[in-house]
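Asks: Got a structure here, written out as structure tokens. Questions coming.
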Amino acid sequence: MTVSADLTNPVSRHDPIQMLRDRYLDAALDEASFSGWLPNALERARQAANLSEGEALLAAPRGAVDLIDAWFDRAERAMERAIEDCEPGTKIRAKATLAVRVRLEALSTHKESLRRAAIYLAVPNNTPDAVRIGWRAADRAWVAMGDPSTDFNYYSKRTILSGVHLATLAYWLQDESADSAATWAFLDKQIGGVMQFEKVKAQVNQLVDKIPDPLGILTRLRYGAQPKP
């Protein structure tokens, strides 16, 4: 089964720079399949999109990083819409699986460009952007799922889902099975492990709740406040 991913960008109709970026990105995705995300490839994409040098600079000031970022943003918007369209009562496990799958399905239209984007983002200078993009995808997924957490769970949930996204992407890039069946089986196993972790964590949290808060104790010692009777 293929999950449909709506990649239209309603913002483009009202944002001229976004319109330029979309044109530039569409051309770059075709070019990157053959030549990667190098400057000469982006120059050919600029020409194919009929953009001036100034328009290309407005659309993507940092070049390839901005275009790749915009591409992943497209996929994340499709992911958000898919989650929001879920039937009431859909379990978190199903939504988390859907989040990863729809995002990957949205990127799969240009698999070789994605492979080359992964290589590009793995360059040390681009690592902060790679981490930021991965975190953003997990954050947007949890927000779409209605996650209310603001404590440590906020960070743990996003870190875990970022890891699932990355592991599934890496697996899918090497997957040659029909309709990526092996990837979706791998994803189900990954999500199952996360859900099991959440069960164990809930049991641990019950015990932790009974332990005095060390941060609170240190704060009182630092500022001289007295503990409440």
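Asks: What distance in nm separates the simple spin-label points at VAL143 and GLU112, each placed 7 Å from Cα in the Cβ direction?
Replies: According to this spin-label approximation, the distance is 3.5 nm.
Asks: Mind giving me the FRET efficiency for GLN174 and SER33? R0 is 22 Å, r the Cβ-Cβ distance, nearest 0.05 is fine.
Replies: 0.80
Asks: Considering only DSSP states other than H, G, I, E and B, which trypsin sites (Lys or Arg not before Pro) in segment 10-115 qualify as loop sites with at most 13 other Cβ atoms within 10 Å?
Replies: When the trypsin sites (Lys or Arg not before Pro) of segment 10-115 are filtered for loop state and at most 13 Cβ neighbours within 10 Å, ARG62, LYS91 remain.
Asks: Once you put a point 7 Å from the Cα of ARG44 and another 7 Å from the Cα of LYS91, both along the Cβ direction, what distance in nm separates them?
Replies: The modelled label-to-label distance comes out at 4.9 nm.
Asks: Determine the gain in length on full extension of the stretch LEU57-TYR154; use 0.36 nm per residue of separation and subtract their C-alpha separation, reporting nm with one decimal.
Replies: 31.3 nm
Asks: Measuring from label point to label point, each 7 Å out along Cα→Cβ, what is the ASP66 to ILE119 span in nm?
Replies: Once both label points are built, they end up 2.5 nm from each other.
FYI, it's all coordinate maths here, none of it is from the lab. Keep in mind it's a predicted model, so treat the numbers as computed, not measured. Glycine also receives a Cβ, built like all others from the backbone with ideal geometry; neighbour counts cover every protein chain displayed.
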